[in-house]
1. Provide the gained length on full extension for the span residue 321 to residue 198, in nm with one decimal, where the gain is 0.36 nm per separating residue minus the Cα-Cα distance.
2. When the helices in the chain are scored as -39500 (n - 2.57) per DSSP H run of 4 or longer and the sum is shared across all residues, what 222 nm value do you end up with, to the nearest 500 deg cm²/dmol?
3. What does the extension gain come out to for residue 181 and residue 68, with contour length at 0.36 nm per residue minus their alpha carbon separation?
4. Please list 131-140, 52-61 highest first by mean number of surrounding beta-carbon atoms within 10 Å per residue.
5. Using a simple charge model, +1 on the beta-carbon of Lys and Arg, -1 on the beta-carbon of Asp and Glu, nothing else, what dipole does segment 4-346 show about its Cα centre, in debye to the nearest 20?
6. Taking R0 as 45 Å, what FRET efficiency do you get between residue 189 and residue 345 from their Cβ-Cβ distance, rounded to the nearest 0.05?
7. Long-range amide H contacts for residue 178: which residues qualify at under 5 Å (H placed 1.01 Å from N, peptide plane, sequence gap of 5 or more or a different chain)?
8. Which distance in Å, rounded to a whole number, links the C-alpha centroids of segment 235-307 and segment 70-131?
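Derivation of every value follows stated rules applied to the coordinates shown; laboratory data play no part. For clarity, every value in this text was computed on a predicted model and none was experimentally measured. All Cβ positions, glycine included, derive from the backbone under ideal geometry; neighbour counts span all protein chains shown.
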Amino acid sequence: MQTAETKNLWSKFPKIELHRHLEGAFDLKTLFRIARKNKLDVPVDFPSFKNEFQFPKDSDPDFHLFLSKFKNNWYRSLEDVYTITYESVKSFKKDNLFYIELRFNPESFAIFNNFDRAEVTSLVLEAGNKAALEIGLKIKYLITFNRGQRDLDYFLSLYEKLLTINKPEIVGVDLAGDEVNYPVKQFTKLFTAVNQDRRYKATIHAGEVTPSSEIWEAIKLHAARIGHGTTTIQDPKLQDYLTDNRIALEQCITSNYQTGSWRDSKTHPMNPLYHKGVPVTINSDDPTIQNTELSEDYGKAEKLFGFTFDDFVNLNLTAIQTSFITSSEKETLQNGYLEAVGDFKENAAQPKLPIY
Ligand SMILES: [Zn+2]
């Protein structure tokens, strides 16, 4: 168990996050309000709603239970989409994020009401940008394609359509969803197009519950980062390749426990891979569904792996270096980040830091 004091301390530590799904990071009170307003079949009191929407904190790992928490029928108007995005991004303040590449799946926001996908995408950006500005968070976005939700031709035309909205805040494309039944190879056409267009970089969920061969497949499709990639630990050649080519793993301790991808957090690959020099980053994945916060994963990494203050700074610098922004943007971000970390060290962390 983390003490309230350490949890509080890690909440104040400035963080760079590369792997967080908006659909898994909703502000729960806002979602409850929207669900009630739209007369959806949900519990009438908030605690029961919370129980139904979140993964139970004391539950054993359960991949299907985890997935069952994602729903996309909440919205009845574009205003609902705007509101849930705005309130959710505002709620990220509790983790003191400094920079985020927030991913979302326009199809999930649009499918129930058949909203225009480009319009929904622009709206999410508008709401997210406004909220981020208000809490002093720097934000960029990744567009998620969810395996199995639609066929490949549909994904290709959606990708083409979204290119037309031409928003510089979108910096990448992500492939998520059921990696067991939809291997990376099936999406070659999509990622070939992404690579040829040179507009966006790619990150692919791979090696979360599949062998490292799927990570190699993702690399063949020009993935510049890998979502989870826990099975990298079984493949020394892959570890070397990721290190030499600075392809980062976006790792998520609590999420991996709940889905059963890595059941013993003490032995989570983040620790040995980090010490081998493989670029790893620390992320939350779906904090609301997981009933957790990114700050709690920091606490776990401190307690279980013995990560120090300097280790956490290193992990965050790796995240900056492997983010999808330009080199000059990275430099500016890094300078600002180091300043924020300096402030944290001077003010928040004194006098009783367990991490020195
Ligand atoms: Zn994910």
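1. Taking residue 321 through residue 198 to full extension adds about 42.4 nm, to one decimal.
2. Result for the chain: -14500 deg cm²/dmol, rounded to the nearest 500.
3. In short, 39.0 nm is gained.
4. So the order, starting with the most tightly packed, is 131-140, 52-61.
5. It works out to roughly 360 debye.
6. FRET efficiency, residue 189 to residue 345: 0.40.
7. Answer set, sorted by chain and number: 147.
8. Cα centres, segment 235-307 to segment 70-131: 26 Å.
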